[in-house]
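The values are calculated or read from the model by the stated rules, or taken from the named source; none is laboratory data. Quick caveat: nothing in here was measured; it's all calculated off a predicted structure. No Cβ is skipped: glycine too gets one built from the backbone with ideal geometry, and neighbour counts run over all protein chains shown. Protein only, heavy atoms only, side chains kept; ligands, DNA and RNA dropped before computing areas. Shrake-Rupley method; radii C 1.70, N 1.55, O 1.52, S 1.80 Å.
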Amino acid sequence: MVERIPITVIILTYNEEVHIERCIKNVIDWADEVIVLDSFSKDKTVEIAKRLSAKVFFREFENYANQRNYAIKELPIKNEWIMFLDADEYLTEELKEEISETLTKTDCDGFYLKRRFYFWGKWIKHGGYYPTWILRLFKRDKCYVDRAINEHFNVEGNIGYLKNDFVDDNIKGINEWIIKHNKYASFEAEELANFRNNKTYNLNNDFGKYWGSQAQRKRWIKEKVWNPLMPPLVRPFIYFFYRYIIRLGFLDGKQGLIYHFLQGLWFQFIIDVKYLEMKVESKD
């Protein structure tokens, strides 16, 4: 059994009863502190979290960046190191052991972790989905978060990379996925409209760098190529072709076809439709 380490795991929740037990049980005997920041769930999320000995706090949801920044700055966290997990995520045993060994001897202020993404029980390895590096582990006083949706963690200091995976495995079902991504599409469309109208994109204008981290390169491409140059309603088909054919998404089988089509084409198309709708409404 892995020994407890001085780290605080923070989980943001809203109606996550289907996931929260798996998530908390995964870390409760490993992390020194587990905190759930709940947005007034209407299901059994809070009841389950308290039963499993997690500390529960409440805050009305605004957007992901504000929620995470509130957790970093305002919650009574007792450890220097913190890690954010979504309720549908969990750590592999190999990653927990690696973190336990690394934090005692590192001079880094944060770490990128490798995300292993599952859809309908299938590990999505292609289409540019693995490895995806996400900054989730860092010293509390070194980090802030920007962007309302698909938020980015920014760490001031040295950043390292850990070799083992954490797992993203949402089991709520396709209806919940569509509802969630319809909301995300509204945020993305509004962001696109603001970018094209005002030429502003994010709170940290220096984040996008082609030769930077994976996340910085994606931001640079979005700022310099995708949003300003690619025509709406055409770009979703280009992106799907890139993911499914060029990046070998077809190798992910039936589940891969469904996921790459929904996330790589349908979701991107809905963003563009919502953006065009905003343009029409702004002229009325």
Take every Cα-Cα distance within segment 25-154, group them into 10 Å bins from 0 onward, and report for each bin the whole-number percent of pairs it holds. 10, 39, 40, 11, 0
Placing each pseudo-label 7 Å from Cα in the direction of the beta carbon, Y70 and T92 end up separated by a distance in nanometres of 3.4 nm
Just check segment 77-124 against the gyration tensor rule for me: Cα atoms, a ≥ b ≥ c as the square roots of the eigenvalues, rounded for a/c under 1.5, and otherwise prolate or oblate depending on whether a/b exceeds b/c. prolate
proj_area_mean for segment 1-76 (convex hull on C-alpha atoms), units nm², value 5.0 nm²
Convex hull volume of segment 226-284 per residue (C-alpha atoms, cubic angstrom): 63 Å³
Taking a probe of 1.4 Å, how large is the accessible area per residue of the chain, in Å²? 50 Å²
Which value, in debye to the nearest 20, gives the size of the charge dipole of the chain about its Cα centre, when Lys and Arg are +1 and Asp and Glu are -1 at the Cβ? 860 debye
For segment 171-284, what is the charge dipole size about the Cα centre, in debye to the nearest 20, if Lys and Arg each add +1 at the Cβ and Asp and Glu each add -1 at the Cβ? 380 debye
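For the pair R22 and L233, what calculated FRET efficiency results from E = 1/(1 + (r/R0)^6), where r is the Cβ-Cβ distance and R0 = 25 Å, to the nearest 0.05? If you can, show how the numbers build up before the last one.
Values: r = 39 Å, r/R0 = 1.57.
Rounded to the nearest 0.05, the efficiency is 0.05.
Hey, any idea what % of the chain's accessible area is carbon plus sulfur with a 1.4 Å probe?
Summing carbon and sulfur atoms, their accessible area is 53 percent of the total for the chain.
List every DSSP H helix in the chain whose Cα atoms extend 24 Å or more along the helix's own long axis and whose mean Kyte-Doolittle hydropathy is at least 0.0.
Values: long enough: 174-198 (35 Å, -0.87); 267-283 (25 Å, 0.05).
Correct list, ordered by number: 267-283.
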Give me the log10 of I(q) over I(0) for the chain at q = 0.07, 0.09, 0.12 Å⁻¹, as the Debye formula computes it from C-alpha points; what are the numbers? -0.27, -0.45, -0.83
Quick calc: nm separation of the 7 Å Cα→Cβ label points for L262 and K283 -> 3.4 nm
T104/Q214 FRET efficiency (R0 30 Å; Cβ-Cβ; nearest 0.05): 0.65
Segment 73-216: translational diffusion in µm²/s, Stokes-Einstein, Kirkwood Rh over Cα pairs, 10 °C, 1.306 mPa s: 93 µm²/s
Starting with the highest mean, order 254-266, 14-26, 58-70 by the number of other Cβ atoms within 10 Å, averaged over the residues of each peptide. 14-26, 254-266, 58-70
